[in-house]
Every structure is written in structure tokens, then in C-alpha cells.
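Structure first, commentary second.
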Amino acid sequence: MLRHATLDDIPALLAIEQQCFATDRLSRRSFRHLLTHGNAIILLDQEGGHIRGYVLLLFSRGTSMARLYSIAVHPGHRRYKIGDRLLEAAEAAALERDCVSMRLEVRRDNPASLALFRRHGYRQFEETPDYYEDHMDALRFEKRLVPYLQVDLVKVPYYQQTLDFTCGPAALMMAMKAL
């Protein structure tokens, strides 16, 4: 079952961080901030009262791009497609927030994550050396969530400037006419 994380889930999230990451772990304070003040979503995969994995998405105001900041599946629950489900849920959550693409970073030495993202259509667009705390390089990936975006274009009438200094009024007339 997938659900949104709450403050009560922080101990389980910290346990997954401990199990999954040797460096660059999120702290209790970071999780608390993201759940209460951050422009973020944390989705959990839970079964039988046990949290098996999570995905953390960050959103920025003024942009239509989501950032997959972290995804982790408890080692005892890997190979059950939990990562696939979390990633698909993250993409759906990004679309609900009107994001048209998602970006993420992956450690160069993480073949399981690299395979997951490539399998889901993510394309590498950059390599960032010495990105992680232990100096490991990051591979940056992106996926267009709306590959064929339909844009409704509005017909805007054209008003020719009559003098050199009338571009402001002409632009205003065009904009007002299009409303």
C-alpha cells in the first residue's frame, strides 16, 4: 500500500536511511522540515505495518520540474518491484502538481538504481564529479512526464506601433484584446 508519510513515520524513515545509505543520509531534522515546511512529498510503501521503502520529491515554485531527491527500499524487501511502484507514484504525484518533467541524481556505483531509472525512460544528461559526501560522481537524469504536451494557443491580434515610443500601449492593447 502506498501512502503519504507523516511525522510518526520519521523513525522508520531513519531506519531505512541507515540500512540503505553509507553517506549522505537524511537526518531527523531534515525529514521533520520536509514533512512540515518543505515543498516536498514523501510517499511510503507499507505492508503489514512495516515501511518497506520511500520516495522523496521536491518541488520549486515557479518551475514545472520536480526533483526526485531520494528513493530507498529496505534491503530485505528488494526485488519485489517496490522501487518501480514508488517511482511510478512519484511521477503521478509530480503530474498532479503540474510538473512536466522530473530530474534526479544517481551514484555512478549504483547499478540497481541506474537500471531502474533507465527502464522507466530516464535519460542521462550530465555527469557531476565529486558530488557525494564520499566524493563519488553523480549521473544526472531527466524524464519528460508529458512527452507530447498539448498547448492551447490563444489568437492574439497584432497592433502596429504608430510611433517609436508606443510599444507599451500597443502591447497592452494586444494583451487586453486576447482576454
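The values are calculated or read from the model by the stated rules, or taken from the named source; none is laboratory data. Nothing here was measured: the structure is a model prediction, and the numbers come from that model. With ideal geometry, Cβ positions are generated from the backbone for all residues, glycine too; neighbour counts draw on all protein chains shown.
Rundown of residues vs (1) in contact with a helix residue (DSSP H, G or I) (Cβ under 7 Å, 6 or more places away or on another chain); (2) modelled with pLDDT of 95 or more; (3) not assigned by TED's automatic domain parsing to the domain that holds residue 115, yes/no style:
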position: 29; (1), (2), (3): no, yes, no
position: 34; (1), (2), (3): no, yes, no
position: 37; (1), (2), (3): no, no, no
position: 40; (1), (2), (3): yes, yes, no
position: 50; (1), (2), (3): no, no, no
position: 53; (1), (2), (3): yes, yes, no
position: 72; (1), (2), (3): yes, yes, no
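With (1) under 30 Å from residue 41 (Cα atoms); (2) modelled with pLDDT under 95; (3) more than 19 Å from the chain's Cα centre (by Cα); (4) not polar (S, T, N, Q) as the list, and residue 137 as the residue in question, which single condition is left unmet? Result: residue 137 fails condition (2) only. Of all residues in the stretch 140-154, those satisfying the criterion of being assigned to a loop (DSSP other than H, G, I, E, B) and either at pLDDT below 70 or surrounded by 12 or more Cβ atoms within 10 Å (Cβ to Cβ) (or both) are 145, 146, 148, 149, 150, 151, 152, 153, 154.
Candidates are the residues of the stretch 57-83 that are of a type in the set (A, V, I, L, M, F, W, C) and crowded, with 19+ Cβ neighbours inside 10 Å; the one that is farthest from residue 143 (Cα to Cα) is 73. Can you tell me which residue in the stretch 84-120 is modelled with the lowest pLDDT, limited to those that are among the acidic types (Asp, Glu) and either exposed (fewer than 14 other Cβ atoms within 10 Å of the Cβ) or not assigned by TED's automatic domain parsing to the domain that holds residue 52 (or both)? Looking at the filtered set, the residue picked out is 98.
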